[in-house]
Amino acid sequence: MQKNHLTVLALNLLLLTACKKEKPAFLLPNELRTLPQVEAFFEDAWAREDLLASVGSLTVEGIDYYHFTLENGRELFVKKELTGVVSVDSSGWTAALDFESGANLPAYILGDTIYIDSITVDPFGTAPLSGLVAISMPVKGRFGITVQGKGEGGIPIGHVFESISKKHHIPILGLYADYENKVELAFLSEEGAVRTRRVIRMTTGAVPGNLAVNVAKNELPSGDSGLFFVSDVKKGIDHRGEVRWAYTGDARHLYQKLKNGNFVVSNKAGSVSYHSSTFKEISMLGEAVRQYSVPNLMHHEVREMPGGNFLVASNTYPYNNNSWDGNLEEDLIIEIDRQSGEVVKSWDLNLILDNQRPRAGGSNSDDWLHLNAIYYDEEDNTIVFSGRHQSVVAKIGYEEGDIRWILAHPAGWNESLLPYVLTPVNARGMDIDLATEDFLPYFQHYPLKLPNGNILLFDNGNFRNYYEDPSVPEDSYTRAVEYKIDPVRMEVEKVWEFDYDKAIFNEATGSVQYLEENAHRVIGFMNGTANTPKVIELDEAGNILFELNVNRWSDYYRCEKYGLYEGM
(Lines give C-alpha, C1' and ligand atoms only; values in the text may rest on other atoms or scores of the structure.)
Protein backbone atom coordinates (compact mmCIF):
# COMPACT_ATOMS: atom_id res chain seq x y z
CA MET A 1 0.00 0.00 0.00
CA GLN A 2 2.87 2.35 0.92
CA LYS A 3 4.58 1.48 -2.34
CA ASN A 4 1.54 2.50 -4.43
CA HIS A 5 1.29 5.82 -2.59
CA LEU A 6 4.90 6.67 -3.43
CA THR A 7 4.35 5.82 -7.10
CA VAL A 8 1.39 8.22 -7.43
CA LEU A 9 3.40 10.98 -5.71
CA ALA A 10 6.25 10.55 -8.16
CA LEU A 11 3.93 10.79 -11.17
CA ASN A 12 2.38 13.99 -9.85
CA LEU A 13 5.85 15.52 -9.41
CA LEU A 14 6.72 14.64 -13.02
CA LEU A 15 3.55 16.26 -14.33
CA LEU A 16 4.16 19.39 -12.28
CA THR A 17 7.71 19.67 -13.62
CA ALA A 18 6.50 19.28 -17.22
CA CYS A 19 3.97 22.09 -16.79
CA LYS A 20 6.67 24.46 -15.62
CA LYS A 21 8.74 23.95 -18.85
CA GLU A 22 8.84 26.85 -21.40
CA LYS A 23 5.85 26.98 -23.77
CA PRO A 24 6.77 26.14 -27.42
CA ALA A 25 6.79 29.04 -29.93
CA PHE A 26 3.55 29.54 -31.88
CA LEU A 27 3.89 28.65 -35.61
CA LEU A 28 1.39 29.73 -38.28
CA PRO A 29 0.78 27.46 -41.24
CA ASN A 30 2.89 28.51 -44.27
CA GLU A 31 4.97 30.84 -42.12
CA LEU A 32 8.37 31.92 -43.43
CA ARG A 33 10.34 31.99 -40.18
CA THR A 34 13.77 33.17 -41.27
CA LEU A 35 15.15 35.88 -43.49
CA PRO A 36 16.77 33.35 -45.88
CA GLN A 37 13.39 31.64 -46.29
CA VAL A 38 11.72 34.98 -47.10
CA GLU A 39 14.42 35.92 -49.59
CA ALA A 40 14.37 32.55 -51.31
CA PHE A 41 10.59 32.55 -51.65
CA PHE A 42 10.23 36.06 -53.09
CA GLU A 43 13.23 35.72 -55.39
CA ASP A 44 11.70 32.55 -56.83
CA ALA A 45 8.25 34.18 -57.15
CA TRP A 46 9.79 37.14 -59.00
CA ALA A 47 11.61 34.83 -61.40
CA ARG A 48 8.40 32.89 -62.14
CA GLU A 49 6.28 36.06 -62.24
CA ASP A 50 3.92 34.69 -59.59
CA LEU A 51 1.62 37.51 -58.57
CA LEU A 52 0.53 38.52 -55.12
CA ALA A 53 -3.20 39.09 -54.90
CA SER A 54 -3.07 41.08 -51.63
CA VAL A 55 -0.87 42.15 -48.73
CA GLY A 56 -2.48 42.43 -45.30
CA SER A 57 -1.62 42.48 -41.60
CA LEU A 58 -2.45 39.97 -38.89
CA THR A 59 -1.74 39.86 -35.16
CA VAL A 60 -1.63 36.49 -33.44
CA GLU A 61 -0.84 36.16 -29.72
CA GLY A 62 0.67 39.62 -29.70
CA ILE A 63 2.91 39.01 -32.74
CA ASP A 64 2.44 41.13 -35.88
CA TYR A 65 2.55 39.36 -39.24
CA TYR A 66 2.34 40.26 -42.89
CA HIS A 67 -0.34 38.13 -44.55
CA PHE A 68 0.44 37.54 -48.24
CA THR A 69 -2.13 35.96 -50.58
CA LEU A 70 -0.95 34.84 -54.00
CA GLU A 71 -3.00 34.91 -57.20
CA ASN A 72 -3.08 31.13 -57.17
CA GLY A 73 -4.76 31.18 -53.74
CA ARG A 74 -1.74 30.20 -51.66
CA GLU A 75 -1.28 32.06 -48.36
CA LEU A 76 1.89 32.73 -46.38
CA PHE A 77 2.86 34.67 -43.27
CA VAL A 78 6.00 36.60 -42.33
CA LYS A 79 6.70 38.23 -38.96
CA LYS A 80 6.98 41.96 -39.38
CA GLU A 81 10.08 41.94 -37.23
CA LEU A 82 11.87 40.16 -40.09
CA THR A 83 11.00 42.92 -42.56
CA GLY A 84 10.78 46.63 -42.57
CA VAL A 85 8.14 48.14 -44.85
CA VAL A 86 6.07 46.50 -47.57
CA SER A 87 5.09 49.05 -50.22
CA VAL A 88 2.53 48.46 -52.97
CA ASP A 89 2.26 50.15 -56.39
CA SER A 90 -1.01 48.92 -57.88
CA SER A 91 -0.62 50.94 -61.07
CA GLY A 92 2.81 49.44 -61.63
CA TRP A 93 1.75 45.91 -60.69
CA THR A 94 4.63 45.71 -58.20
CA ALA A 95 5.32 45.57 -54.48
CA ALA A 96 8.58 45.78 -52.53
CA LEU A 97 9.81 44.35 -49.21
CA ASP A 98 12.32 46.81 -47.71
CA PHE A 99 14.43 45.32 -44.91
CA GLU A 100 16.09 47.30 -42.14
CA SER A 101 19.41 45.96 -43.39
CA GLY A 102 18.85 47.91 -46.62
CA ALA A 103 17.99 44.84 -48.67
CA ASN A 104 15.05 45.09 -51.07
CA LEU A 105 12.94 42.29 -52.52
CA PRO A 106 10.60 43.13 -55.44
CA ALA A 107 7.34 41.27 -56.03
CA TYR A 108 4.61 41.32 -58.64
CA ILE A 109 1.12 42.12 -57.40
CA LEU A 110 -2.30 42.36 -58.97
CA GLY A 111 -2.68 45.88 -60.32
CA ASP A 112 -5.42 48.07 -61.67
CA THR A 113 -3.93 49.66 -64.79
CA ILE A 114 -3.89 48.59 -68.45
CA TYR A 115 -1.10 50.34 -70.31
CA ILE A 116 -2.20 51.20 -73.86
CA ASP A 117 0.50 52.19 -76.32
CA SER A 118 -1.79 52.96 -79.26
CA ILE A 119 -5.32 52.58 -80.60
CA THR A 120 -5.75 52.42 -84.38
CA VAL A 121 -8.99 52.15 -86.33
CA ASP A 122 -8.67 50.48 -89.75
CA PRO A 123 -4.92 49.89 -89.44
CA PHE A 124 -4.42 48.78 -93.07
CA GLY A 125 -6.96 51.09 -94.70
CA THR A 126 -9.15 48.28 -96.03
CA ALA A 127 -11.24 47.05 -93.08
CA PRO A 128 -12.94 50.17 -91.66
CA LEU A 129 -14.83 48.31 -88.92
CA SER A 130 -11.73 46.82 -87.38
CA GLY A 131 -9.01 48.16 -85.12
CA LEU A 132 -5.71 47.33 -83.49
CA VAL A 133 -4.79 48.04 -79.87
CA ALA A 134 -1.15 47.83 -78.75
CA ILE A 135 -0.62 47.20 -75.04
CA SER A 136 2.48 46.81 -72.86
CA MET A 137 1.92 45.24 -69.44
CA PRO A 138 4.41 44.92 -66.56
CA VAL A 139 3.48 41.26 -66.13
CA LYS A 140 2.61 38.41 -68.44
CA GLY A 141 -1.01 37.58 -69.13
CA ARG A 142 -3.60 37.45 -71.86
CA PHE A 143 -6.54 39.55 -72.95
CA GLY A 144 -10.23 39.19 -73.57
CA ILE A 145 -12.11 41.89 -75.47
CA THR A 146 -15.77 42.76 -75.98
CA VAL A 147 -17.17 45.24 -78.47
CA GLN A 148 -20.30 46.34 -76.70
CA GLY A 149 -23.62 46.17 -78.57
CA LYS A 150 -25.18 49.35 -79.89
CA GLY A 151 -28.46 50.36 -78.33
CA GLU A 152 -31.12 48.06 -76.98
CA GLY A 153 -30.64 44.56 -78.32
CA GLY A 154 -27.24 45.34 -79.81
CA ILE A 155 -25.04 42.25 -80.12
CA PRO A 156 -21.75 42.25 -78.19
CA ILE A 157 -18.85 40.61 -80.00
CA GLY A 158 -16.00 39.29 -77.90
CA HIS A 159 -13.02 36.98 -77.89
CA VAL A 160 -10.45 35.64 -75.45
CA PHE A 161 -6.93 35.40 -76.85
CA GLU A 162 -4.61 32.54 -75.97
CA SER A 163 -1.27 34.34 -76.31
CA ILE A 164 0.53 34.86 -72.99
CA SER A 165 2.84 37.86 -73.10
CA LYS A 166 3.71 41.30 -71.79
CA LYS A 167 3.41 42.82 -75.27
CA HIS A 168 0.04 42.57 -77.01
CA HIS A 169 -1.28 43.61 -80.41
CA ILE A 170 -5.00 42.95 -80.13
CA PRO A 171 -7.27 42.89 -83.20
CA ILE A 172 -10.63 44.53 -82.50
CA LEU A 173 -13.35 43.18 -84.78
CA GLY A 174 -17.07 43.87 -84.97
CA LEU A 175 -17.16 47.66 -84.65
CA TYR A 176 -20.29 49.49 -85.77
CA ALA A 177 -20.05 51.93 -88.70
CA ASP A 178 -20.17 55.68 -88.12
CA TYR A 179 -20.28 55.23 -84.36
CA GLU A 180 -18.31 55.76 -81.16
CA ASN A 181 -17.83 52.14 -80.13
CA LYS A 182 -17.15 51.09 -76.57
CA VAL A 183 -14.66 48.25 -76.28
CA GLU A 184 -13.96 46.53 -72.97
CA LEU A 185 -10.46 45.16 -72.43
CA ALA A 186 -10.03 42.50 -69.75
CA PHE A 187 -6.52 41.56 -68.63
CA LEU A 188 -6.53 37.90 -67.61
CA SER A 189 -4.31 35.44 -65.84
CA GLU A 190 -3.05 32.41 -67.74
CA GLU A 191 -5.97 30.46 -66.23
CA GLY A 192 -8.48 33.06 -67.45
CA ALA A 193 -9.24 34.89 -64.19
CA VAL A 194 -9.99 38.59 -64.71
CA ARG A 195 -7.30 40.80 -63.18
CA THR A 196 -8.56 44.21 -64.27
CA ARG A 197 -10.70 45.85 -66.95
CA ARG A 198 -10.70 49.03 -68.98
CA VAL A 199 -13.17 50.49 -71.47
CA ILE A 200 -11.84 52.36 -74.49
CA ARG A 201 -13.64 54.19 -77.28
CA MET A 202 -13.06 53.61 -80.99
CA THR A 203 -14.84 55.91 -83.46
CA THR A 204 -15.52 54.71 -87.00
CA GLY A 205 -16.69 56.44 -90.15
CA ALA A 206 -19.32 55.43 -92.66
CA VAL A 207 -18.69 52.33 -94.77
CA PRO A 208 -18.78 52.86 -98.57
CA GLY A 209 -21.51 51.22 -100.61
CA ASN A 210 -25.27 51.08 -100.29
CA LEU A 211 -26.70 48.14 -98.41
CA ALA A 212 -30.43 47.75 -97.91
CA VAL A 213 -30.88 45.11 -95.22
CA ASN A 214 -34.20 43.76 -93.98
CA VAL A 215 -34.40 41.19 -91.19
CA ALA A 216 -37.71 39.46 -91.88
CA LYS A 217 -37.43 36.92 -89.06
CA ASN A 218 -35.05 36.55 -86.15
CA GLU A 219 -35.35 33.83 -83.54
CA LEU A 220 -31.62 33.36 -83.06
CA PRO A 221 -30.27 33.61 -79.50
CA SER A 222 -29.41 37.17 -78.50
CA GLY A 223 -25.84 36.14 -77.82
CA ASP A 224 -25.28 34.66 -81.29
CA SER A 225 -22.39 36.77 -82.60
CA GLY A 226 -21.95 35.03 -85.96
CA LEU A 227 -21.99 37.27 -89.02
CA PHE A 228 -23.48 36.59 -92.43
CA PHE A 229 -20.75 37.39 -94.96
CA VAL A 230 -22.06 38.35 -98.41
CA SER A 231 -19.41 37.55 -101.00
CA ASP A 232 -19.72 40.37 -103.51
CA VAL A 233 -20.33 43.26 -101.12
CA LYS A 234 -17.52 41.95 -98.88
CA LYS A 235 -19.45 42.74 -95.72
CA GLY A 236 -20.49 40.82 -92.61
CA ILE A 237 -23.94 41.44 -91.12
CA ASP A 238 -25.12 40.45 -87.64
CA HIS A 239 -28.56 39.01 -86.98
CA ARG A 240 -29.87 42.45 -86.03
CA GLY A 241 -29.07 43.62 -89.57
CA GLU A 242 -26.03 45.71 -88.59
CA VAL A 243 -22.88 45.68 -90.70
CA ARG A 244 -20.01 44.68 -88.37
CA TRP A 245 -17.19 43.97 -90.85
CA ALA A 246 -16.31 45.25 -94.30
CA TYR A 247 -13.45 44.97 -96.77
CA THR A 248 -12.84 47.93 -99.08
CA GLY A 249 -9.66 46.77 -100.82
CA ASP A 250 -9.39 45.37 -104.33
CA ALA A 251 -11.68 42.34 -104.39
CA ARG A 252 -14.32 40.70 -106.54
CA HIS A 253 -15.56 37.83 -104.37
CA LEU A 254 -15.09 36.97 -100.73
CA TYR A 255 -14.55 33.25 -100.23
CA GLN A 256 -14.48 30.93 -97.22
CA LYS A 257 -12.60 31.60 -94.04
CA LEU A 258 -9.30 29.79 -93.81
CA LYS A 259 -8.18 27.63 -90.90
CA ASN A 260 -6.06 30.49 -89.55
CA GLY A 261 -9.05 32.85 -89.47
CA ASN A 262 -8.15 34.81 -92.60
CA PHE A 263 -10.24 35.16 -95.76
CA VAL A 264 -9.50 34.51 -99.43
CA VAL A 265 -10.66 37.13 -101.93
CA SER A 266 -10.35 37.20 -105.72
CA ASN A 267 -9.06 40.47 -107.16
CA LYS A 268 -10.70 42.80 -109.66
CA ALA A 269 -7.40 44.08 -111.03
CA GLY A 270 -6.47 42.15 -114.17
CA SER A 271 -9.85 40.45 -114.34
CA VAL A 272 -11.74 39.55 -117.50
CA SER A 273 -15.51 39.42 -117.19
CA TYR A 274 -16.05 37.52 -113.90
CA HIS A 275 -12.68 35.74 -114.15
CA SER A 276 -9.77 36.96 -112.02
CA SER A 277 -6.06 36.74 -112.71
CA THR A 278 -5.11 36.75 -109.02
CA PHE A 279 -6.49 36.02 -105.59
CA LYS A 280 -5.09 36.84 -102.18
CA GLU A 281 -5.25 35.94 -98.53
CA ILE A 282 -6.25 38.79 -96.24
CA SER A 283 -6.41 39.06 -92.47
CA MET A 284 -9.55 40.18 -90.68
CA LEU A 285 -7.82 43.54 -90.21
CA GLY A 286 -7.59 43.86 -94.00
CA GLU A 287 -3.87 43.16 -94.29
CA ALA A 288 -2.84 41.48 -97.55
CA VAL A 289 -0.90 38.40 -96.46
CA ARG A 290 -0.03 36.86 -99.83
CA GLN A 291 -1.21 37.15 -103.43
CA TYR A 292 -1.38 34.26 -105.94
CA SER A 293 -1.50 34.30 -109.74
CA VAL A 294 -3.64 31.91 -111.80
CA PRO A 295 -2.16 31.26 -115.27
CA ASN A 296 -5.45 30.95 -117.22
CA LEU A 297 -7.52 32.99 -114.78
CA MET A 298 -9.78 31.71 -112.01
CA HIS A 299 -13.53 31.74 -111.56
CA HIS A 300 -16.09 30.80 -108.95
CA GLU A 301 -13.97 28.88 -106.50
CA VAL A 302 -10.85 28.61 -104.36
CA ARG A 303 -10.71 26.16 -101.47
CA GLU A 304 -8.07 25.49 -98.83
CA MET A 305 -6.77 21.92 -98.56
CA PRO A 306 -5.87 20.31 -95.21
CA GLY A 307 -2.15 20.84 -95.86
CA GLY A 308 -2.66 24.51 -96.71
CA ASN A 309 -2.53 24.46 -100.53
CA PHE A 310 -5.40 25.86 -102.60
CA LEU A 311 -7.70 24.11 -105.07
CA VAL A 312 -8.76 26.64 -107.72
CA ALA A 313 -11.31 26.55 -110.54
CA SER A 314 -9.57 27.61 -113.76
CA ASN A 315 -9.59 27.18 -117.55
CA THR A 316 -7.79 24.72 -119.82
CA TYR A 317 -7.28 27.54 -122.36
CA PRO A 318 -6.74 31.28 -121.86
CA TYR A 319 -10.13 32.84 -121.12
CA ASN A 320 -11.34 35.26 -123.80
CA ASN A 321 -14.20 37.21 -122.29
CA ASN A 322 -16.86 34.56 -122.66
CA SER A 323 -16.65 34.55 -126.46
CA TRP A 324 -17.41 31.62 -128.78
CA ASP A 325 -13.84 30.99 -129.90
CA GLY A 326 -13.70 27.19 -129.70
CA ASN A 327 -11.44 27.21 -126.64
CA LEU A 328 -13.20 25.21 -123.94
CA GLU A 329 -13.39 26.91 -120.58
CA GLU A 330 -14.26 26.61 -116.89
CA ASP A 331 -13.15 22.97 -116.90
CA LEU A 332 -9.79 22.81 -115.11
CA ILE A 333 -8.94 22.24 -111.44
CA ILE A 334 -5.50 23.34 -110.32
CA GLU A 335 -3.65 23.05 -107.01
CA ILE A 336 -1.53 26.05 -106.01
CA ASP A 337 1.25 25.65 -103.47
CA ARG A 338 0.57 27.87 -100.45
CA GLN A 339 4.25 28.79 -100.02
CA SER A 340 5.65 29.03 -103.55
CA GLY A 341 2.52 30.12 -105.40
CA GLU A 342 3.26 27.60 -108.14
CA VAL A 343 0.74 25.28 -109.78
CA VAL A 344 1.78 21.84 -108.51
CA LYS A 345 -1.03 19.67 -109.90
CA SER A 346 -3.98 19.92 -112.26
CA TRP A 347 -7.00 17.93 -113.39
CA ASP A 348 -8.30 18.53 -116.91
CA LEU A 349 -11.97 17.61 -116.70
CA ASN A 350 -12.17 17.32 -120.49
CA LEU A 351 -10.11 14.14 -120.08
CA ILE A 352 -12.12 12.87 -117.13
CA LEU A 353 -15.74 13.57 -118.14
CA ASP A 354 -17.39 13.72 -121.56
CA ASN A 355 -17.40 17.24 -122.98
CA GLN A 356 -19.69 16.10 -125.82
CA ARG A 357 -22.54 15.10 -123.53
CA PRO A 358 -25.77 16.95 -124.39
CA ARG A 359 -26.73 19.79 -122.08
CA ALA A 360 -29.36 22.46 -121.71
CA GLY A 361 -28.81 25.61 -123.79
CA GLY A 362 -28.75 29.24 -122.85
CA SER A 363 -25.02 29.70 -122.37
CA ASN A 364 -21.72 29.89 -124.20
CA SER A 365 -21.14 26.62 -126.07
CA ASP A 366 -17.45 26.67 -125.08
CA ASP A 367 -18.50 26.61 -121.44
CA TRP A 368 -19.59 22.97 -121.59
CA LEU A 369 -19.09 22.22 -117.87
CA HIS A 370 -19.07 25.53 -115.96
CA LEU A 371 -17.04 24.29 -113.00
CA ASN A 372 -18.28 26.24 -109.98
CA ALA A 373 -17.28 24.42 -106.79
CA ILE A 374 -14.56 22.09 -105.50
CA TYR A 375 -13.64 20.46 -102.23
CA TYR A 376 -11.05 17.94 -101.12
CA ASP A 377 -12.21 14.87 -99.16
CA GLU A 378 -9.44 13.92 -96.77
CA GLU A 379 -11.15 10.67 -95.79
CA ASP A 380 -10.42 8.93 -99.09
CA ASN A 381 -7.99 11.38 -100.82
CA THR A 382 -10.47 12.52 -103.45
CA ILE A 383 -11.86 15.69 -104.99
CA VAL A 384 -15.55 16.47 -105.36
CA PHE A 385 -16.60 19.14 -107.87
CA SER A 386 -19.75 20.66 -109.33
CA GLY A 387 -20.32 21.30 -113.07
CA ARG A 388 -23.36 23.53 -113.48
CA HIS A 389 -23.96 23.13 -117.21
CA GLN A 390 -23.83 19.35 -117.02
CA SER A 391 -25.95 19.29 -113.83
CA VAL A 392 -23.27 17.02 -112.41
CA VAL A 393 -21.53 16.52 -109.09
CA ALA A 394 -18.67 14.05 -109.33
CA LYS A 395 -15.88 12.56 -107.23
CA ILE A 396 -12.42 11.80 -108.64
CA GLY A 397 -9.23 10.41 -107.13
CA TYR A 398 -6.69 13.02 -106.13
CA GLU A 399 -3.67 11.12 -107.44
CA GLU A 400 -4.90 9.88 -110.84
CA GLY A 401 -8.11 11.80 -111.45
CA ASP A 402 -10.00 8.54 -111.82
CA ILE A 403 -13.78 8.69 -111.59
CA ARG A 404 -15.28 7.34 -108.36
CA TRP A 405 -18.93 8.30 -108.84
CA ILE A 406 -21.17 10.68 -110.80
CA LEU A 407 -24.31 12.28 -109.35
CA ALA A 408 -26.29 13.25 -112.44
CA HIS A 409 -28.99 12.04 -114.78
CA PRO A 410 -27.86 8.86 -116.61
CA ALA A 411 -28.81 10.21 -120.03
CA GLY A 412 -26.06 11.11 -122.47
CA TRP A 413 -23.02 9.60 -120.77
CA ASN A 414 -20.68 7.49 -122.87
CA GLU A 415 -20.27 3.79 -122.15
CA SER A 416 -17.03 4.23 -120.18
CA LEU A 417 -18.64 6.66 -117.71
CA LEU A 418 -22.14 5.22 -117.39
CA PRO A 419 -21.12 2.57 -114.78
CA TYR A 420 -20.09 5.40 -112.43
CA VAL A 421 -23.46 7.17 -112.56
CA LEU A 422 -25.20 6.65 -109.22
CA THR A 423 -28.57 4.92 -109.20
CA PRO A 424 -31.26 6.97 -107.41
CA VAL A 425 -33.07 4.95 -104.72
CA ASN A 426 -35.53 5.64 -101.93
CA ALA A 427 -35.08 4.83 -98.24
CA ARG A 428 -36.12 1.20 -98.91
CA GLY A 429 -33.47 0.80 -101.60
CA MET A 430 -35.98 0.79 -104.45
CA ASP A 431 -35.21 2.60 -107.71
CA ILE A 432 -36.60 6.10 -108.20
CA ASP A 433 -38.59 7.02 -111.32
CA LEU A 434 -36.81 10.22 -112.39
CA ALA A 435 -39.68 11.13 -114.71
CA THR A 436 -42.08 11.53 -111.79
CA GLU A 437 -39.91 12.76 -108.92
CA ASP A 438 -37.68 15.83 -108.54
CA PHE A 439 -34.74 13.84 -107.31
CA LEU A 440 -31.58 15.08 -109.02
CA PRO A 441 -29.97 18.54 -108.83
CA TYR A 442 -29.94 20.84 -111.86
CA PHE A 443 -27.50 23.72 -112.49
CA GLN A 444 -26.41 23.29 -108.86
CA HIS A 445 -23.81 25.12 -106.75
CA TYR A 446 -21.67 24.54 -103.72
CA PRO A 447 -21.65 20.85 -102.73
CA LEU A 448 -20.13 20.19 -99.32
CA LYS A 449 -19.53 17.13 -97.18
CA LEU A 450 -21.48 16.88 -93.92
CA PRO A 451 -20.13 15.30 -90.73
CA ASN A 452 -22.31 12.25 -91.40
CA GLY A 453 -20.65 11.77 -94.79
CA ASN A 454 -23.62 12.96 -96.83
CA ILE A 455 -23.47 15.66 -99.52
CA LEU A 456 -25.36 18.94 -99.06
CA LEU A 457 -25.73 21.24 -102.06
CA PHE A 458 -27.63 24.20 -103.51
CA ASP A 459 -29.91 22.99 -106.29
CA ASN A 460 -30.76 25.99 -108.49
CA GLY A 461 -33.27 23.94 -110.52
CA ASN A 462 -32.68 25.41 -113.99
CA PHE A 463 -34.08 23.09 -116.67
CA ARG A 464 -35.21 20.70 -113.97
CA ASN A 465 -35.79 17.22 -115.45
CA TYR A 466 -34.26 18.43 -118.74
CA TYR A 467 -33.18 14.91 -119.66
CA GLU A 468 -36.77 13.69 -119.31
CA ASP A 469 -38.33 16.71 -121.03
CA PRO A 470 -36.08 19.34 -122.69
CA SER A 471 -38.76 22.04 -122.45
CA VAL A 472 -38.18 24.54 -119.65
CA PRO A 473 -40.65 23.84 -116.81
CA GLU A 474 -42.98 26.67 -115.89
CA ASP A 475 -42.79 25.86 -112.18
CA SER A 476 -39.00 26.06 -111.68
CA TYR A 477 -37.88 26.33 -108.09
CA THR A 478 -34.66 26.30 -106.08
CA ARG A 479 -33.86 24.22 -103.02
CA ALA A 480 -31.16 22.97 -100.69
CA VAL A 481 -30.87 19.19 -100.79
CA GLU A 482 -28.92 16.46 -98.99
CA TYR A 483 -27.90 13.16 -100.56
CA LYS A 484 -26.60 9.96 -99.00
CA ILE A 485 -24.20 8.17 -101.33
CA ASP A 486 -23.29 4.49 -101.16
CA PRO A 487 -20.08 4.18 -103.24
CA VAL A 488 -20.08 0.39 -102.96
CA ARG A 489 -23.59 -0.21 -104.27
CA MET A 490 -23.27 2.93 -106.44
CA GLU A 491 -26.58 4.26 -105.16
CA VAL A 492 -27.76 7.66 -104.01
CA GLU A 493 -30.66 8.50 -101.69
CA LYS A 494 -32.21 11.93 -101.16
CA VAL A 495 -32.56 12.27 -97.38
CA TRP A 496 -33.46 15.97 -96.83
CA GLU A 497 -34.49 19.06 -98.73
CA PHE A 498 -35.68 22.60 -98.10
CA ASP A 499 -37.45 24.35 -100.96
CA TYR A 500 -39.10 27.35 -99.23
CA ASP A 501 -42.46 26.02 -100.38
CA LYS A 502 -41.12 26.25 -103.96
CA ALA A 503 -41.60 30.02 -103.79
CA ILE A 504 -38.07 30.95 -104.92
CA PHE A 505 -36.32 30.32 -108.19
CA ASN A 506 -32.67 31.45 -108.39
CA GLU A 507 -31.35 30.70 -111.84
CA ALA A 508 -27.76 31.43 -110.84
CA THR A 509 -25.45 31.53 -107.81
CA GLY A 510 -26.30 30.43 -104.28
CA SER A 511 -24.77 28.57 -101.36
CA VAL A 512 -25.39 26.21 -98.48
CA GLN A 513 -23.50 25.84 -95.22
CA TYR A 514 -23.59 23.48 -92.26
CA LEU A 515 -22.77 24.93 -88.83
CA GLU A 516 -21.15 22.18 -86.79
CA GLU A 517 -21.58 23.93 -83.43
CA ASN A 518 -25.39 23.61 -83.53
CA ALA A 519 -26.23 21.56 -86.67
CA HIS A 520 -27.94 24.59 -88.24
CA ARG A 521 -27.95 25.11 -92.00
CA VAL A 522 -27.49 28.44 -93.75
CA ILE A 523 -28.94 28.83 -97.25
CA GLY A 524 -28.11 31.74 -99.50
CA PHE A 525 -30.59 32.40 -102.32
CA MET A 526 -28.22 34.95 -103.85
CA ASN A 527 -29.53 35.62 -107.38
CA GLY A 528 -31.56 38.84 -107.47
CA THR A 529 -35.34 38.84 -107.75
CA ALA A 530 -38.13 40.72 -106.03
CA ASN A 531 -37.68 38.36 -103.06
CA THR A 532 -33.93 37.74 -103.17
CA PRO A 533 -31.04 37.81 -102.32
CA LYS A 534 -32.31 36.06 -99.22
CA VAL A 535 -30.35 34.35 -96.46
CA ILE A 536 -32.02 31.76 -94.24
CA GLU A 537 -30.81 29.89 -91.20
CA LEU A 538 -32.59 26.65 -90.26
CA ASP A 539 -32.40 24.74 -87.01
CA GLU A 540 -31.70 21.02 -86.88
CA ALA A 541 -35.39 20.24 -87.36
CA GLY A 542 -35.61 22.42 -90.47
CA ASN A 543 -37.44 25.34 -88.88
CA ILE A 544 -36.62 28.85 -90.13
CA LEU A 545 -34.91 30.75 -87.32
CA PHE A 546 -33.59 33.65 -89.32
CA GLU A 547 -34.40 35.32 -92.63
CA LEU A 548 -32.57 38.27 -94.14
CA ASN A 549 -32.92 40.15 -97.41
CA VAL A 550 -30.01 42.16 -98.82
CA ASN A 551 -30.30 44.59 -101.75
CA ARG A 552 -33.18 42.95 -103.60
CA TRP A 553 -32.66 42.46 -107.37
CA SER A 554 -28.87 42.36 -106.89
CA ASP A 555 -26.82 39.32 -107.88
CA TYR A 556 -24.33 37.97 -105.37
CA TYR A 557 -22.36 34.76 -105.36
CA ARG A 558 -22.54 33.33 -101.85
CA CYS A 559 -23.35 34.04 -98.24
CA GLU A 560 -21.75 32.17 -95.36
CA LYS A 561 -21.88 32.58 -91.60
CA TYR A 562 -18.75 32.80 -89.46
CA GLY A 563 -17.62 34.13 -86.14
CA LEU A 564 -15.36 37.13 -86.67
CA TYR A 565 -12.60 35.57 -84.57
CA GLU A 566 -13.22 32.03 -85.85
CA GLY A 567 -9.90 30.34 -86.52
CA MET A 568 -7.84 33.06 -84.86
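Structural remarks
- Subset of the stretch 460-485 that is touching a residue at least 24 places away in the same chain (Cβ under 8 Å) and assigned to a strand (DSSP E or B) - its residue that is surrounded by the most Cβ atoms within 10 Å (Cβ to Cβ): ALA480
- Any hit, the stretch 267-280, residues being in contact with a Lys or Arg (Cβ under 8 Å, 6 or more places away or on another chain) and under 21 Å from TYR446 (Cβ atoms): yes
- Residue list for the stretch 1-40, filter: in contact with a strand residue (DSSP E or B) (Cβ under 6 Å, 6 or more places away or on another chain) and modelled with pLDDT of 80 or more: ASN30, GLU31, LEU32, VAL38
- Any chance VAL243 is crowded, with 21+ Cβ neighbours inside 10 Å, in contact with a Leu (Cβ under 9 Å, 6 or more places away or on another chain) and within 20 Å of ARG303 (Cβ to Cβ): no
- Looking only at residues in the stretch 268-285 that are modelled with pLDDT of 95 or more and not in a strand (DSSP E or B), the one that is surrounded by the most Cβ atoms within 10 Å (Cβ to Cβ) is MET284.
- Filtering the stretch 401-410 to residues that are out of contact with any Ser or Thr (no Cβ under 7 Å at 6 or more places or on another chain), within 14 Å of LEU349 (Cβ to Cβ) and not in a strand (DSSP E or B) leaves GLY401, ASP402.
- For the stretch 246-256, the set of residues classified as within 20 Å of the chain's Cα centre (by Cα) and buried (at least 21 other Cβ atoms within 10 Å of the Cβ) consists of ALA246, TYR247, HIS253, LEU254, TYR255, listed by residue number.
- Residue-level analysis places LYS259 among those that are assigned to a loop (DSSP other than H, G, I, E, B), under 24 Å from ASP377 (Cβ atoms) and either at pLDDT 95 or above or among the charged types (D, E, K, R) (or both).
- Residue count for the stretch 207-238 under the criterion of being over 12 Å from GLU537 (Cα atoms), charged (D, E, K, R) and in a strand (DSSP E or B): the result is 1.
- Hits in the stretch 30-47 - residues which are in contact (Cβ under 8 Å) with a residue 24 or more places away in the chain and not small (Gly, Ala, Ser): ASN30, GLU31, LEU32, ARG33, THR34, LEU35, VAL38, GLU39, PHE41, PHE42, GLU43, TRP46
- Single match in ASP64, ASP117, ASP50, ASP98 (criterion: buried (at least 16 other Cβ atoms within 10 Å of the Cβ) and in contact (Cβ under 8 Å) with a residue 12 or more places away in the chain): ASP50
- Residue, nearest to ILE155 (Cα to Cα), within the stretch 178-191, restricted to residues that are part of a loop (DSSP other than H, G, I, E, B) and modelled with pLDDT of 95 or more: TYR179
Residues checked against (1) farther than 27 Å from HIS253 by Cβ; (2) not hydrophobic (A, V, I, L, M, F, W, C):
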{"residue": "VAL481", "(1), (2)": "no, no"}
{"residue": "VAL488", "(1), (2)": "yes, no"}
{"residue": "LYS502", "(1), (2)": "yes, yes"}
{"residue": "ASN506", "(1), (2)": "no, yes"}
{"residue": "VAL512", "(1), (2)": "no, no"}
{"residue": "THR532", "(1), (2)": "no, yes"}
{"residue": "GLU540", "(1), (2)": "yes, yes"}
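- Pairs where the first residue, in the stretch 209-227, is over 23 Å from ASN531 (Cα atoms) and the second is of a type in the set (D, E, K, R) and part of a strand (DSSP E or B), C-beta under 7 Å, 6+ apart: GLY226/LYS561
- Taken together, VAL312, VAL343, VAL289 contain a single residue that is farther than 24 Å from TYR420 by Cα and either over 26 Å from the mean Cα position of the chain (by Cα) or modelled with pLDDT under 95 (or both), which is VAL343.
The values are calculated or read from the model by the stated rules, or taken from the named source; none is laboratory data. For clarity, every value in this text was computed on a predicted model and none was experimentally measured. In this analysis, Cβ positions are derived from the backbone assuming ideal geometry, glycine residues included, and neighbour counts consider all displayed protein chains.
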